[in-house]
Amino acid sequence: MANQDTQFFGHPRGLATLFFTEMWERFSYYGMRALLILFMVAPVASGGLGFDKTKAGAIYGLYTGTVYLACLPGGWIADRILGAKKAVLMGGVLIALGHVCLALPLLNTFYFGLLLIVCGTGLLKPNVSALVGSLYDKGDIRRDSGFSIFYMGINTGATIAPIICGYVGQRVNWHYGFGLAALGMMAGVIQFWFGSKQFSEIKPSETVVTESTATLRKWLVAALGLVCIAGALHIFGMIEITAISISNTFGVLLVITVVASFGGLLFFGDWTREERQRLGVILVLFLAACIFWSSFEQAGSTLNLFAQEHTATQLLGIDFPASALQFVQPGALILLAPLLAGIWLKLGNSGPTTPMKFVMGLAFVGLSFFLMAAAAKTLAPGVKASVIWLIGCYVLHAVGELCLSPVGLSAMTKLAPRNLVGLMMGLWFMATSVGNFISGRLAGAYDGMPIAQLFTIVGMVGIGSAIFMLFLTRPIVKMMGGVR
C-alpha cells in the first residue's frame with residue numbers, strides 16, 4: 001500500500017525522484033523564460049533579435065500558451081499509448097534538445113527550439129504530476145501536503161534558474177544562458193532515469209494502445225495537411241503568415257479547444273451523475289485558474305519589461321540584471337510552501353475547502369497588481385521605481401499560487417475519472433496555457449496605454465473574480481461529492 005511508505009519526509013520515496021526531476025525541468029524552463037522576451041526585444045547589436053514589443057509579446061504568448069496547451073495531447077498520449085513514465089522520459093529528452101537549439105545563434109534554430117520545448121513539455125508536465133498523485137491511496141490526507149512538497153521542487157529550480165541563467169544571458173551572452181537551461185534539463189532526465197523504479201507505471205491496455213495509435217496517426221496526418229495547405233497559400237500570396245497572425249489564430253483555436261474539450265466531456269461522456277457533477281466543478285476551477293494565470297504569468301512579460309525599463313535594479317548595493325528578479329517569486333514559494341503545507345495538514349478537514357483556496361489565490365494576485373499600479377504612478381522622467389515594489393508584488397503572487405496551484409493539481413487527481421487522470425491534468429494545464437497567452441498579448445499592449453492603467457485593470461479583474469468565486473463556494477463544495 002502506498003500509505004505505508006513514509007521514506008521521504010513522511011511521504012513515499014518516489015516523491016523524491018519526481019521532486020528532483022521537476023526541479024531540473026523547471027530550472028530549464030524558468031531560466032529560459034527569464035531571458036526570452038528580453039532577448040527578443042534586445043537590439044541586434046547587443047546580440048538580441050531586435051523585435052518590437054508587439055511582435056515579441058505575440059511570440060511570447062504563443063510559445064508559453066502552446067507549452068501548456070500541449071499538456072492536453074501529452075496527457076492523452078500517456079493515458080492511451082505510452083504510459084506516464086515513458087512520456088516523462090521522452091518529454092525530458094525533447095526539452096533538452098530544444099534548449100540546445102536556443103543556445104545556437106541562429107533564428108531558424110530559435111523557432112525550432114521553441115517547438116521542441118513545446119512538444120517535450122506537453123509530454124512531461126501533466127504526467128509527472130499524475131505520477132505524484134499515483135503515489136497516494138484514495139483518502140490519504142497526505143496528498144495535498146505531498147503536492148505542496150512537490151511544488152517546492154518546482155520552485156527550487158525556478159529560483160536558481162533566473163539568477164544563474166539570467167546573469168549569464170544578460171551579462172555574458174544570451175545563448176550561453178540558454179545553454180545552461182539545456183544542461184539543467186539533461187540533469188533532470190538522468191535523475192528520472194535512475195529513480196523511476198521507485199513508483200509503478202500508469203499503463204494503458206494493449207487494446208487501448210492499438211486503437212489510440214491509429215487515432216493519433218490520423219490526427220498527425222490531418223495536422224501535416226493543414227500545415228502544407230497554409231504554406232502553399234502563403235507562398236502564392238493568398239494569406240500572410242506572421243508571428244502576430246499565427247498568435248491570433250492560436251488564440252481562436254485555444255477558445256475552440258476549451259469549448260470542445262469541456263463540451264464533449266460534459267455532454268457526450270458516459271458518466272454517472274456524481275462524475276458529471278465533478279466534471280462541472282473542474283470546469284469552474286479551470287475558469288478561475290485561467291484568470292489567475294493570466295495575471296500571475298505576467299512575471300515573464302509585462303513585469304519583466306517593467307523591471308528592465310522602469311525599475312532601479314539595485315538592492316543593498318548589489319546591481320543585478322532585470323531577469324534575475326524572476327527568482328523572487330519562486331524563492332518566496334520555497335520559504336512559504338512548508339508553512340502552508342503544514343497549515344493544510346494540521347487543519348485537515350476543518351481547513352478551507354478547495355474553492356475557498358481558489359478565492360484566496362485570486363484575491364492575492366489581484367492585490368499584487370494594485371501594488372504595481374501604485375509603483376507605476378511613482379515614475380517620472382529620469383526616475384525609476386524602487387525594486388521593493390516588484391519584490392512585494394512577487395511575494396503576493398507566491399502566496400496566491402500556494403493557495404491555488406498545488407491545491408488545483410491535487411483536486412484534478414481527486415475529481416478526475418479514474419481512466420482519465422492524465423487527460424484531466426492536461427486540461428488543468430490548459431488553464432495555464434490560456435493565462436500565458438493572455439499575458440503575452442498584454443505585453444504587446446505595454447506601450448499602448450499608461451502602465452498604471454494596465455496594472456489597475458488586471459488588479460480589478462483578479463479581485464472581481466475572487467468575489468464572484470466566493471459566492472460559488474458552497475454549491476461547488478456540494479457538487480464535489482465529499483472531495484475537499
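Coordinate-derived values only; no laboratory data. Nothing here was measured: the structure is a model prediction, and the numbers come from that model. With ideal geometry, Cβ positions are generated from the backbone for all residues, glycine too; neighbour counts draw on all protein chains shown.
Straight Cα distances below 27 angstrom link LYS384 to the lysines LYS53, LYS55, with same-chain residues fewer than 8 positions distant left out. Between LEU316 and LEU115, the FRET efficiency estimated from the beta carbon spacing at R0 = 30 angstrom works out to 0.15. Partner lysines whose Cα lies under 21 Å from the Cα of LYS86, excluding those fewer than 8 positions away in the same chain, are identified as LYS125, LYS197, LYS203. Relative to the Cα centre, the charge distribution of the chain, modelled as +1 at Lys and Arg Cβ and -1 at Asp and Glu Cβ, gives a dipole magnitude of about 660 debye.
The trypsin sites (Lys or Arg not before Pro) of segment 398-442 include none that meets both criteria, a DSSP state outside H, G, I, E and B (loop) and at most 14 other C-beta atoms within 10 angstrom of the site's C-beta. In segment 11-479, if the dipole is taken from +1 on Lys/Arg beta carbons and -1 on Asp/Glu beta carbons about the Cα centre, which of TYR446, ILE164, ALA398 is farthest to the positive end? Projecting each Cα onto the dipole axis, the largest value belongs to ALA398. Segment 377-413 and segment 86-105 have Cα centres lying 29 Å from one another.
Applied to segment 156-162, the Karplus parametrisation 6.51 cos²θ - 1.76 cosθ + 1.60 on θ = phi - 60° returns per-residue 3J(HN,Hα) values of 5, x, 5, 7, 5, 4, x Hz, with x for Gly and Pro. From the Cα gyration tensor of segment 48-128, with a ≥ b ≥ c the square roots of its eigenvalues, which class applies: rounded if a/c is under 1.5, or else prolate if a/b is larger than b/c, or else oblate? Oblate, because a/c is 1.5 or more while a/b does not exceed b/c.
Projecting the Cα atoms of VAL88, MET479, VAL281 onto the charge dipole of the chain (Cβ charges, centred on the Cα centre) puts MET479 farthest toward the positive pole. This structure gives Cα Rg over 2.2 N^0.38 Å, computed directly, and of (i) 0.93; (ii) 1.02; (iii) 1.13 that value is listed as (i). Rounded to the nearest 20 debye, the dipole size of segment 53-140 about its Cα centre is 220 debye, using +1 on the Cβ of Lys and Arg and -1 on the Cβ of Asp and Glu.
For segment 87-163, applying the loop criterion from DSSP together with a ceiling of 11 other beta carbons within 10 Å to the trypsin sites (Lys or Arg not before Pro) yields LYS138. Here the relative contact order of the chain, from alpha carbon pairs under 8 Å that lie six or more residues apart, stands at 27 percent.
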